[in-house]
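Take a look at the structure below.
The values are calculated or read from the model by the stated rules, or taken from the named source; none is laboratory data. These figures come from a predicted structure and were not determined experimentally. Here the Cβ is made from the backbone with ideal geometry for all residues, glycine too, and neighbour counts use every protein chain on show.
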Amino acid sequence: MAIVRLSTPLRKFNQGKPEVEAGGSTLKEVLQNIDASNPGFADKVLEKGEIKRFVNIYVNNEDVRLGKGLETQIGEKDVVSILPAVSGG
């Protein structure tokens, strides 16, 4: 199973813990599996079946938007990081 690192706002779906293990062969499956045991999780990350604009997801430090997005292949030892986008001036 992959390790999914959660940003602080998402930890409420995992009893305050910063990481959760989740199975799935694609990023989409991993997110769906987390949501199955933590209802409401996917609503914070996805919108209309796509990654929300202000959410960044990395697999092994690679931005999934620059690759296959939700269809990114996930291996058992992969690390998925979900972070809010940060902006400032």
Task: First in the stretch 71-88 and over 9 Å from ILE57 (Cα atoms) and surrounded by 10 or more Cβ atoms within 10 Å (Cβ to Cβ), second anywhere and among the acidic types (Asp, Glu) and modelled with pLDDT under 95, Cβ under 7 Å, 6 or more apart - done: none
Task: Close pairs from the stretch 1-17: first more than 14 Å from ASN56 (Cβ to Cβ), partner assigned to a helix (DSSP H, G or I), Cβ under 6 Å, at least 6 apart - done: ALA2/VAL30; PHE13/PHE41
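This table checks each residue for (1) of a type in the set (Gly, Ala, Ser); (2) within 18 Å of LEU83 (Cβ to Cβ).
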site: THR26; (1), (2): no, no
site: GLY40; (1), (2): yes, no
site: LYS68; (1), (2): no, no
site: THR72; (1), (2): no, yes
TODO: Identify all residues within the stretch 1-18 that are more than 17 Å from ALA36 (Cα to Cα) and among the small types (Gly, Ala, Ser); write none if there are none.
DONE: SER7, GLY16
Open item on the list: Being of a type in the set (Phe, Trp, Tyr), free of Cβ contacts under 8 Å to residues at least 60 places away in the same chain and surrounded by 12 or more Cβ atoms within 10 Å (Cβ to Cβ) is true for just one of PHE41, PHE54. Which residue is that?
Closed with: PHE41
Open item on the list: Take residues that are out of contact with any helix residue (DSSP H, G or I) (no Cβ under 7 Å at 6 or more places or on another chain) and aliphatic (A, V, I, L, M) and tell me which of the strands (runs of 3 or more DSSP E) falling wholly in the stretch 9-89 contain 2 or more.
Closed with: 79-84
Task: Qualifying residues in the stretch 14-43 (those that are closer than 13 Å to MET1 by Cβ and over 13 Å from the mean Cα position of the chain (by Cα)) - the one modelled with the highest pLDDT - done: SER25
